[in-house]
Amino acid sequence: MNGVSSSLRAAFSYCVQQVRSYDYHHYLCLLELPPDMRKAAFALRAFNVETARAMDVASDPMIGLMRLVWWQEAIDKIYANKLIEHPTAQALSSVISESKISKAWLKRLVEARINDASKEVTDLPESIEELEKYAEDTASTLLYMTLQSGGIRSTAVDHAASHVGKASGLLLLLKSLPYHASRNRHFSYIPAKVAAKHGLLVKEGGRSEIRLDSREGLCDAVFEMASVANAHLLKARDLADAVPFEARKALLVAVPAQVLLDSLSRVQFDVFDSRLARGVLGEPPLWFQLKLKWYSWRGKY
């Protein structure tokens, strides 16, 4: 029995380290959660890290896609009570048995990653609504599961979580644009309608492609998308009075979303500005942590 508990402790420790290493701003948010939610949240976030990075760490896109399919099958095995020799899967299995996390939500998240990874580099989303759905299926769904692990059931909380997740997801996609461009993903997270509106869309040989001939056009496109994210944050905060106090710490991910939005504003929405890579989402680390503590202490998000 001691061997089992020791192995599980190691699995959860691995999850914490994964989140700290690859999702630091959310790692700081999770530290503010009550203990009964924190353990589950780290396992869920680690699962998110594994699926979000699958394509990035693979030497070949097909290998990355196979990794995502492995996680899709791992979810089925976990719910069938089969042992999987992977620390994140072991921690996730423990959380699922304790908190009864919805299998449909886990499947939704990994399937959204698979659909995204299956696209060709020239496949552009048609509209912002497509990216909002991707954010809903990943970032918002992650919040639903975190809330479920704390036994929180509320329509108002779910609505707020949906808006916070969409804002967070959209803004992180914007921040990742230079990275994806460097990996020949072009600008596959700028919708065709937005790109065309700001003079970034070029059609050649029956295919549409985004060109960066105009940095001003790119900044205008980023501003338009960031404005949609800002609207989601405002809607989430409009619901704050209906959100139970114990649920608000789970929605603290709105704070890094706001920080990133403010950082983008300071650089005139130029995602290539090096200041965005400084500190935590462009903000000095200590100031970011103080801001997060302040929101947490006041029961705000």
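The values are calculated or read from the model by the stated rules, or taken from the named source; none is laboratory data. Given the structure is predicted, the values throughout are model-derived calculations rather than measurements. Every residue, glycine among them, receives a Cβ derived from its backbone with ideal geometry; neighbour counts consider all protein chains shown. Note: areas computed on protein heavy atoms with side chains; ligands, DNA, RNA excluded. Shrake-Rupley method; radii C 1.70, N 1.55, O 1.52, S 1.80 Å.
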Note on Arg183: of the conditions (1) under 14 Å from Val271 (Cα atoms); (2) surrounded by fewer than 16 Cβ atoms within 10 Å (Cβ to Cβ), unmet is (1)
So Glu111 passes all but one of these: (1) in the same structural domain as Ala196 (by the TED database); (2) open to solvent by 60 Å² or more (accessible area, probe 1.4 Å). Which condition number does it fail? (1)
Hey, Leu172 open to solvent by 30 Å² or more (accessible area, probe 1.4 Å), modelled with pLDDT of 95 or more and more than 17 Å from Ala236 (Cα to Cα) or not: yes
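Restricting the search to the range 198-233, which residues are charged (D, E, K, R) and at pLDDT 95 or above?
Asp220, Glu224
Looking at the structure I just gave you, is Val253 over 19 Å from Pro191 (Cα atoms), among the hydrophobic types (A, V, I, L, M, F, W, C) and modelled with pLDDT of 95 or more?
Numbers: over 19 Å from Pro191 (Cα atoms): yes; among the hydrophobic types (A, V, I, L, M, F, W, C): yes; modelled with pLDDT of 95 or more: yes.
Taking the combined requirement at face value, the residue satisfies it.
Conditions tested, residue by residue: (1) assigned to a helix (DSSP H, G or I); (2) open to solvent by 30 Å² or more (accessible area, probe 1.4 Å); (3) not β-branched (Val, Ile, Thr).
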| site | (1), (2), (3) |
| --- | --- |
| Thr51 | yes, no, no |
| Arg67 | yes, yes, yes |
| Ile75 | yes, no, no |
| Leu106 | yes, no, yes |
| Glu129 | yes, yes, yes |
Right, Ala46: touching a Lys or Arg at 6+ places or on another chain (Cβ under 7 Å) and either free of Cβ contacts under 8 Å to residues at least 60 places away in the same chain or farther than 30 Å from Trp294 by Cβ (or both) or not? no
What are the pairs with Cβ atoms under 8 angstrom where one residue, in the range 187-205, is of a type in the set (D, E, K, R) and the other, located anywhere, is part of a strand (DSSP E or B)? Sequence gap at least six, or different chains. Lys203/Glu209
Please go through the range 259-301 and give me each residue that is polar (S, T, N, Q), over 23 Å from Glu216 (Cα atoms) and open to solvent by 10 Å² or more (accessible area, probe 1.4 Å), ordered by number. Gln289
Going through the range 140-163 in order, the residues found to be within 22 Å of Tyr27 (Cβ to Cβ), among the small types (Gly, Ala, Ser) and open to solvent by 20 Å² or more (accessible area, probe 1.4 Å) are Gly150
Does Ser59 satisfy the condition of being more than 23 Å from Pro256 (Cα to Cα), part of a helix (DSSP H, G or I), of a type in the set (Gly, Ala, Ser) and more than 16 Å from the chain's Cα centre (by Cα)? no
Can you confirm whether the range 83-95 contains a residue that is without any contact (Cβ under 8 Å) to a residue 40 or more places away in the chain, among the hydrophobic types (A, V, I, L, M, F, W, C) and open to solvent by 40 Å² or more (accessible area, probe 1.4 Å)? yes
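Name the helices (runs of 4 or more DSSP H) wholly inside the range 181-259 in which the number of residues that are under 17 Å from the mean Cα position of the chain (by Cα) is 1 or more. Let's see the steps before the verdict.
On the way: elements: 192-197, 215-238, 245-248.
Once the helices (runs of 4 or more DSSP H) in the range 181-259 are filtered for at least 1 residues that are under 17 Å from the mean Cα position of the chain (by Cα), what remains is 215-238.
Of everything in the range 264-301 that's in a loop (DSSP other than H, G, I, E, B) and among the hydrophobic types (A, V, I, L, M, F, W, C), which residue is farthest from the chain's Cα centre (by Cα)? Spell out the reasoning first.
Narrowing the range 264-301 to residues in a loop (DSSP other than H, G, I, E, B): 267-273, 278-279, 281-282, 284, 299-301.
From the residues that got through so far, the ones that are among the hydrophobic types (A, V, I, L, M, F, W, C) too are 267, 269, 271-272, 281.
Details: Val267: 22, Phe269: 20, Val271: 18, Phe272: 20, Leu281: 14 Å.
Residue satisfying both the conditions and the ranking: Val267.
Taking the range 11-49 on its own, how many of its residues are open to solvent by less than 60 Å² (accessible area, probe 1.4 Å) and under 23 Å from Glu98 (Cβ atoms)? Please lay out each step first, then the result.
Residues of the range 11-49 open to solvent by less than 60 Å² (accessible area, probe 1.4 Å): 11-12, 15-16, 18-19, 23, 25-30, 32-34, 37, 40-49.
Now drop any that are not under 23 Å from Glu98 (Cβ atoms), which leaves 11-12, 15-16, 18-19, 23, 26-27, 29-30, 32-34, 37, 40-49.
The total comes to 25.
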